[in-house]
Amino acid sequence: MQTLEENGIMADTIRIAFIDDHAILRDALAARIAHEEDLELVGTADNAGAGLEMVRQVKPQMIIMDIDMPGASAFDVAKQIKTEMPEVKLMFLSAYAHDRYVDKALSVGANGYMTKGTGFDKLVAGIREVAAGNPCFDQAVEDRLVFEGGGARLAKTPVTRGATLTERQESILRLISQGMAKKEIATELGISVKTVETHTENLMAKLGIHDRVELTRYAIREGYTQP
């Protein structure tokens, strides 16, 4: 954990804390923020647990947090931070835009969600938007959201339905996402083509998906391409 002291920056500067386990990214963001007159990086941490203690010390206006870090759950820590400091703005910055991650981010009160493929110019603009009280989401995330009542939610809820998949159905979904045909999947899993077809039909019914193309897109987006 590293705490950075205030050093004469103007009063309306946006005070930012950054929590991410990648040192190169922390350093890169720090270097960029140093060139922005209205932004100040007041603290960094390399895991969520240390981030909680750092945030309690520096009391930032805005927190940028990774999702996939060792140690304590980023979502659990984010929820704790928002409970203790409800006025703080929270943006997640992740390599992943899976529905299940976005859903969890929204559930803990995230004001923004950007992917690590976002350029620094867009990220800095997003920081200003969130600090101003406006939601800011990566386009790939925003396209799947519905904004209502001052908040946001996923337009569909495949993450909830996905939790009902059996191990066999997840295996078939993974192989579908890899471009395998029904016969290839049957051979890979040692089952009949008819069984594959049945599982595929059940998968689509559970997920509210109506064709194989949409099923493949869902599997890729939700990270089922990896074992």
Exercise. Could you run through region 22-71 and say how many residues are under 16 Å from the mean Cα position of the chain (by Cα) and either polar (S, T, N, Q) or over 21 Å from ASP121 (Cβ atoms) (or both)?
Key: 6
Quiz item: If you go through region 108-141, how many residues are in a helix (DSSP H, G or I), modelled with pLDDT under 90 and surrounded by fewer than 17 Cβ atoms within 10 Å (Cβ to Cβ)?
Solution: 2
Quiz item: Under the condition of being in the same structural domain as LEU189 (by TED's automatic domain parsing) and acidic (Asp, Glu), which residue from region 142-176 is modelled with the highest pLDDT?
Solution: GLU170
Quiz item: What are the residue pairs meeting all of these: first residue in region 23-37, first residue closer than 18 Å to ASN47 by Cβ, second residue assigned to a helix (DSSP H, G or I), Cβ atoms under 8 Å, and 6 or more apart or on different chains?
Solution: LEU29/PHE120; LEU29/LEU123
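For GLY179, state whether it is surrounded by fewer than 17 Cβ atoms within 10 Å (Cβ to Cβ), at positive phi, at pLDDT below 90 and assigned by TED's automatic domain parsing to the domain that holds THR198. Let's see the steps before the verdict.
Numbers: surrounded by fewer than 17 Cβ atoms within 10 Å (Cβ to Cβ): yes; at positive phi: yes; at pLDDT below 90: yes; assigned by TED's automatic domain parsing to the domain that holds THR198: yes.
Answer is yes for this residue.
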Self-check item: 1 or more residues crowded, with 18+ Cβ neighbours inside 10 Å, at pLDDT 95 or above and small (Gly, Ala, Ser): qualifying helices (runs of 4 or more DSSP H) within region 1-90
Solution: 48-58, 74-84
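The values are calculated or read from the model by the stated rules, or taken from the named source; none is laboratory data. Note that the coordinates shown come from a computational prediction; the quantities given were computed from them, not determined experimentally. Neighbour counts run over all protein chains shown; Cβ positions are idealised from the backbone, glycine included.
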